[in-house]
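A short write-up of the structure that comes next.
The values are calculated or read from the model by the stated rules, or taken from the named source; none is laboratory data. Just so you know, these numbers come straight off a predicted model, no measurement behind them. Positions of Cβ are backbone-derived with ideal geometry, glycine not excepted, and every protein chain shown enters the neighbour counts.
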Amino acid sequence: MNKILSKFVLFFAVFGSVLAQAEGEGARDAVVGMVDSFRTDIVADKDILSKNPDLLKERVNNILDKVIDFDDFSKKVMGKYYRRASPEQRIRFANVTKDTLLNTYGASLLELDADRIKVLPLGPQGRGKETKVNVDFELEAGGLLNITFFMAQEEGANWMLSNIVINNINFGLTFRKQFAVMMGQNKNDIELAIDAWKESLAKQS
């Protein structure tokens, strides 16, 4: 009896592992799609886009809108201050975050080498709901960016980006700490902190 039970336990353990891997592949597929869009819509047209920042911003926005919920991302960055913010302040913060990131970080995509962007096979995953997808980006000028995309599946089965780690720097956590510092520096005035947040993101470009 114990041997039969052990076999069933082993079977369901293996089956569960395969199922989790299959679900994780959906997250990897979403990242592959995003990377392919970077390659074809951004890097391939870098000569045109480097002279047209508005078009660059539009294309980056079209790609990221499919995988990033900026309202949810902004909520995570605001942290405990989100509940104190008015609906208007939440919208303003989300818009400032999105517009500034598109303006300041979009140009960095032009530095990527389209032929050396590699989405790695899925590695070991933690117990949380997020799936980690690692991508290696090589720059034309030399150097390697290792980016880990943390993907979470929505109720509609879409995989969305919930956090990103670049060369071991956790951007979600870093941004949240930065905004908390700005709240302290601005006497917990959310409006002033949002202004400071916008200036800070611009300086990081």
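For residues in the range 36-87 being outside any helix (DSSP H, G or I) and acidic (Asp, Glu), which is farthest from residue 163 (Cα to Cα)?
Only one residue tops the list, namely 65.
Only one entry of 187, 129, 203 meets the criterion of being touching a residue at least 24 places away in the same chain (Cβ under 8 Å), loosely packed, with under 13 Cβ neighbours inside 10 Å and not small (Gly, Ala, Ser), and that entry is 129. Condition check: outside any helix (DSSP H, G or I) and touching a residue at least 60 places away in the same chain (Cβ under 8 Å). Does residue 96 satisfy that? No. Residue 84: basic (Lys, Arg), loosely packed, with under 13 Cβ neighbours inside 10 Å and at pLDDT 90 or above, yes or no? Criteria met by residue 84. Only one entry in 110, 139 is touching a residue at least 60 places away in the same chain (Cβ under 8 Å), surrounded by fewer than 18 Cβ atoms within 10 Å (Cβ to Cβ), of a type in the set (A, V, I, L, M) and more than 27 Å from residue 194 (Cβ to Cβ), namely 110. Each residue in the range 62-75 was checked for being among the polar types (S, T, N, Q) and surrounded by fewer than 16 Cβ atoms within 10 Å (Cβ to Cβ), and 1 of them qualify.
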